[in-house]
Amino acid sequence: MRTNILSSFSFALMLTGALHAQPPQSQPQQQPTPPATQQPQPQPPPTQPPYKPEFEIPREGAARPASAEGYVIGAQDNLSIIVSDEAELTGKFRVDTDGTISMPYLSRVPLAGLSLAEAQVKIATMLRDGQFIRNPQVRIEVDQFKSRNVLVTGEVRTPGKVTLPGSAMSVLEALALAGSPTNNASNEVIVIHPPKPGEQSPEPITINRRDLELGRAGRDITLQDGDIVNVPVAKRFYISGFVKNPGSYVLDTGTTVSQAIVLAGGLAERGTDRRIRIGRVVNGQTVDLPAELGDKVQANDEIKIRARFF
């Protein structure tokens with residue numbers, strides 16, 4: 001009995017020693033938690049300077065610089081006059097119907113008919129010669145243009161006055177504002193400039209409308225206040241007989257008999273370009289005249305195309 005107890009005790013000691021003899025199990029090392037990286041804050045977009053166009057289109061009635069295109073001052077214009085360091089002489093002045101403005105010290109100053117540059121010199125000279133200011137510095141701008149119009153008459157859809165957006169416009173712009181020509185309009189446009197005081201009436205200017213629309217004519221013509229643009233009724237001629245499309249056609253200046261036949265679609269199968277006759281009104285009476293292919297057609301002519309003999 002005692003032997004068994006000793007044996008059990010010895011086995012327990014051996015077991016305990018074996019347990020102590022084993023190397024301790026290594027604990028998994030915890031990786032140090034890296035410090036939280038801060039997310040970069042979104043940067044605001046760089047401030048862009050406000051967009052500024054390379055040029056500005058002046059609003060109607062807005063002030064324009066004094067050197068604007070040789071503008072000529074007229075009655076009912078509103079002028080902004082600036083005299084440096086002279087508040088009493090600086091302000092807005094209306095050109096009266098007699099072409100003058102009323103300014104302190106100077107009373108009535110005639111400015112109508114002068115360019116802005118000329119008006120600046122005139123006021124500066126009057127201030128200096130009157131010994132009001134020794135060396136006046138004057139600047140003039142048009143604060144508001146008077147109502148300036150061009151009259152468009154004849155075969156346009158809305159004939160009447162069209163307002164100039166500034167000091168001038170082109171012939172094509174005037175026709176567009178008048179609704180464009182009608183189907184009965186001539187291919188010619190007549191421009192009439194009113195005479196200036198003391199001058200004779202200039203000759204009317206005739207422009208081919210097709211050349212005008214294609215930009216081949218009219219570029220050198222600038223319409224100003226009081227000009228008249230007339231689109232007359234189309235002159236016509238008639239062609240009858242042996243052509244493919246007999247009838248009435250608009251007459252262009254310089255149209256020949258040969259060109260008239262082309263406009264009518266050419267000769268019919270039995271038509272001939274020989275022995276052509278033209279019915280023309282001469283001194284109030286219609287006469288029958290022989291015609292060649294190169295002859296010029298006149299308004300209201302009737303071109304008669306005959307048949308071949310075979």
For the range 272-285, give me each residue that is surrounded by 13 or more Cβ atoms within 10 Å (Cβ to Cβ) and not β-branched (V, I, T).
D273, R275, R277, G279, R280
Scan the range 250-271 residue by residue and report those that are assigned to a loop (DSSP other than H, G, I, E, B) and either surrounded by fewer than 16 Cβ atoms within 10 Å (Cβ to Cβ) or touching a Phe, Trp or Tyr at 6+ places or on another chain (Cβ under 6 Å) (or both).
L251, T253, G254, G265, G266, A268, E269, R270
By residue number, the members of the range 178-220 that are of a type in the set (S, T, N, Q) and in a loop (DSSP other than H, G, I, E, B) are S180, T182, N183, N184, S186, N187, Q200, S201
Please work out if V243 is within 30 Å of A174 (Cβ to Cβ), of a type in the set (A, V, I, L, M) and surrounded by 15 or more Cβ atoms within 10 Å (Cβ to Cβ).
no
All but one of (1) among the hydrophobic types (A, V, I, L, M, F, W, C); (2) outside any strand (DSSP E or B); (3) under 16 Å from S240 (Cβ atoms); (4) free of Cβ contacts under 8 Å to residues at least 40 places away in the same chain hold for L293, so report the exception by its number.
(3)
Does the range 177-189 hold any residues that are surrounded by 14 or more Cβ atoms within 10 Å (Cβ to Cβ) and not acidic (D, E), and which are they?
L177, A178, G179, S180, P181, T182, A185, S186, N187, V189
Determine whether the range 177-187 contains at least one residue that is out of contact with any His (no Cβ under 7 Å at 6 or more places or on another chain) and farther than 17 Å from N230 by Cα.
no
Could you tell me which numbered condition I239 fails, if it satisfies all but one of (1) assigned to a helix (DSSP H, G or I); (2) at pLDDT 95 or above; (3) of a type in the set (A, V, I, L, M, F, W, C)?
(1)
Meets criteria (surrounded by 15 or more Cβ atoms within 10 Å (Cβ to Cβ), at pLDDT 85 or above, among the hydrophobic types (A, V, I, L, M, F, W, C) and more than 28 Å from R94 (Cβ to Cβ)) for I192
yes
Check whether at least one residue in the range 238-246 is over 30 Å from V72 (Cα atoms), out of contact with any strand residue (DSSP E or B) (no Cβ under 8 Å at 6 or more places or on another chain), not assigned by TED's automatic domain parsing to the domain that holds P165 and not aliphatic (A, V, I, L, M), and report yes or no.
yes
Could you check the range 152-178 and list, in sequence order, the residues that are farther than 16 Å from L212 by Cβ and not aliphatic (A, V, I, L, M)?
T153, R157, T158, P159, G160, K161, T163, P165, G166, S167
The one condition D288 fails out of (1) at pLDDT below 90; (2) loosely packed, with under 12 Cβ neighbours inside 10 Å; (3) in contact with a strand residue (DSSP E or B) (Cβ under 6 Å, 6 or more places away or on another chain) is (1)
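Let's see how each residue does on (1) of a type in the set (S, T, N, Q); (2) in a loop (DSSP other than H, G, I, E, B); (3) modelled with pLDDT of 90 or more; (4) under 28 Å from V95 (Cα atoms):
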{"site": "V109", "(1), (2), (3), (4)": "no, no, yes, yes"}
{"site": "R128", "(1), (2), (3), (4)": "no, no, yes, yes"}
{"site": "N135", "(1), (2), (3), (4)": "yes, yes, yes, yes"}
{"site": "S147", "(1), (2), (3), (4)": "yes, yes, no, yes"}
{"site": "K161", "(1), (2), (3), (4)": "no, no, yes, yes"}
{"site": "A174", "(1), (2), (3), (4)": "no, no, yes, yes"}
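The values are calculated or read from the model by the stated rules, or taken from the named source; none is laboratory data. Everything numeric in this text was worked out from a predicted model, so none of it was measured. Counting neighbours? That spans all protein chains shown, and the Cβs are built from the backbone with ideal geometry, glycine included.
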